[in-house]
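Below you'll find the structure, written out as structure tokens, and then a few comments.
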Amino acid sequence: TLSERLEGILGRLRGRGRLSAADVDQALREIRAALLEADVHVRVVRSLVDGVRSQLVGEELARSLSPGQQVVRAVHRELIRALGGESLRLTYASPPPTVILLAGLQGSGKTTTAAKLARWFRQQGHQPLLVGADLQRPAAVEQLRILAEQAQVPFFSQPTDPVQVARAGRQEAERLGRDVVIVDTAGRLAIDAELMDEVRRISEAVDPHYTFLVVDAMTGQDAVGTAEAFHATLTLDGLILTKLDGDARGGAALSVKEVVGKPIAFAATGERLADFDLFHPDRMASRILGMGDVLSLIEQAEREMDRDVALKGATALVEGRFTLEDFLTQLQQVKRLGSLGGLLSLLPGVPKELKQANAAIDDREVARVEAIIRSMTPAERIDPSIIDGSRRQRIARGSGTSTQEVNQLLRQFKEAQQLMRQPGLLAGMLGGRGKLA
Ligand code: GDP
Ligand code: MG
């Protein structure tokens, strides 16, 4: 990864008092190679490297940072700048509705994204309407209808033609008093004139406030050509990146943003409707650097679970305090979120064995763990190291388990605690906010 390569640079620069011109050149060469490897467009690499160079050359060496850290910080900053700086702030049309048009190649994730967006707007307190204007296959309309139901958002379509459906959909939203209309459109496997013409006519019919191109992050460099072609026809307002849960390191994100010159508005990180959020440039920068997307995970978790609980857990983690009480709470919340294995699989730094071990925890086990922890005194929960043989027996009796099971839990907890203390993980959580590397 980019961060591994940067570590090499870091190592060589460690112990130096200041960066020489030769150090900077060497570091920039490595950064250039690493960015190209991370699938970043060559044009973008050039402007990034130039940006990093001017930061390193112009800047006094910060007292608190080693030269290596200084380089990483410059790259991180430059990545954030290249990714758009801040998250998009949507404005809503008055009078409503705000019309959003989704375009993109087939399989890029338009239909799924339409439903995710609808759910997101609903969570923001809006009343979206989903409009199915992909009439290529009957299954496409049905797919969106089912997803709309999951998102608890009303759905509109009719077996006429795509332009007519889109227009009628907008009117339907006005009639129903829905303030956001999301129009899903058809895609082809490659850009063709017919597709472009259809989506252009839909756009003219509904006059969207936002036209978003849905881009599969896994397609890498191809995404750039696709985006340029759509932008020429539609005048895009932004991009939505999907499948960021895949192997893609995000190079495509950087390239498309810089080449098309439009912000990345949203990012999708999985198949479930909840795997979706506003795009955060600082987190993506951390991800491209290989530090994981822990903050996104925390934010997603926060919304699903009790806010206070999530915050308390996160704070404890950051501060290196992670108690049995936290362990239990997180375990319960994670059960609600989906499998812990799935969640952990999004974190690059987590060892495979641990992912598998945690994926195997089932509901019965959660109940058993809860019983054991509930049988401990508050002092024991805060500091399990005081749990000696006789305390173990008392806890086992109180929870209806065996001392072996108590031991096993304490071992599991210790592993989780150590994991939470992993430096890489903390760096990821602090990415963009705290110190790097
Ligand atoms: P469309 O042809 O552009 O409408 O694409 P779909 O919405 O039908 O999505 C194509 C496939 O990609 C479906 O199997 C989706 O479940 C999947 N998909 C969409 N977004 C994501 C994502 O963010 N992560 C993953 N892993 N899969 C996704
Ligand atoms: Mg579709």
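The table that follows gives values for the structure above.
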item: Checklist (1) within 16 Å of ligand 2 (Cβ to nearest atom); (2) on the phi > 0 side of the Ramachandran plot; (3) polar (S, T, N, Q) applied to Thr185, failing item; result: (2)
item: Some residue of region 105-122 being within 19 Å of Pro208 (Cβ to Cβ), of a type in the set (D, E, K, R) and crowded, with 24+ Cβ neighbours inside 10 Å; result: yes
item: Considering residues of region 258-285 that are more than 11 Å from the chain's Cα centre (by Cα) and farther than 13 Å from Ala82 by Cα only, the residue surrounded by the fewest Cβ atoms within 10 Å (Cβ to Cβ); result: Glu271
item: Count of region 165-183 residues which are β-branched (Val, Ile, Thr) and either at pLDDT below 95 or away from ligand 1 (no atom under 16 Å from the Cβ) (or both); result: 2
item: Residues that are over 17 Å from the mean Cα position of the chain (by Cα), within 11 Å of ligand 1 (Cβ to nearest atom) and not in a loop (DSSP other than H, G, I, E, B), drawn from region 116-140; result: Gly132, Ala139, Ala140
item: Selected residue (criterion: farthest from ligand 1 (Cβ to nearest atom)) from residues of region 224-255 that are among the small types (Gly, Ala, Ser) and modelled with pLDDT under 85; result: Ser255
item: Some residue of region 144-153 being within 16 Å of ligand 2 (Cβ to nearest atom), touching a helix residue (DSSP H, G or I) at 6+ places or on another chain (Cβ under 6 Å), in a strand (DSSP E or B) and in the same structural domain as Ala285 (by TED's automatic domain parsing); result: no
item: Region 141-164: number of residues that are more than 15 Å from ligand 1 (Cβ to nearest atom) and either under 31 Å from the mean Cα position of the chain (by Cα) or surrounded by 20 or more Cβ atoms within 10 Å (Cβ to Cβ) (or both); result: 5
item: Residue pairs meeting the criteria (Cβ under 8 Å; at least 6 apart or on separate chains; first closer than 20 Å to Gln143 by Cβ, in region 167-187; second among the polar types (S, T, N, Q) and within 16 Å of ligand 1 (Cβ to nearest atom)); result: Gly169/Ser157; Asp184/Thr111; Ala186/Gln106; Ala186/Gln136; Gly187/Gln106; Gly187/Ser108
item: Evaluation of Met196 against (1) touching a Ser or Thr at 6+ places or on another chain (Cβ under 6 Å); (2) under 25 Å from Gln124 (Cα atoms) (one fails), failing number; result: (2)
item: Some residue of region 106-115 being more than 13 Å from ligand 1 (Cβ to nearest atom), within 29 Å of the chain's Cα centre (by Cα) and among the basic types (Lys, Arg); result: no
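The values are calculated or read from the model by the stated rules, or taken from the named source; none is laboratory data. All figures in this text were calculated on a predicted structure; none of them were measured in a lab. FYI the Cβ positions are ideal-geometry reconstructions off the backbone, even for glycines, and counts take in every protein chain you see.
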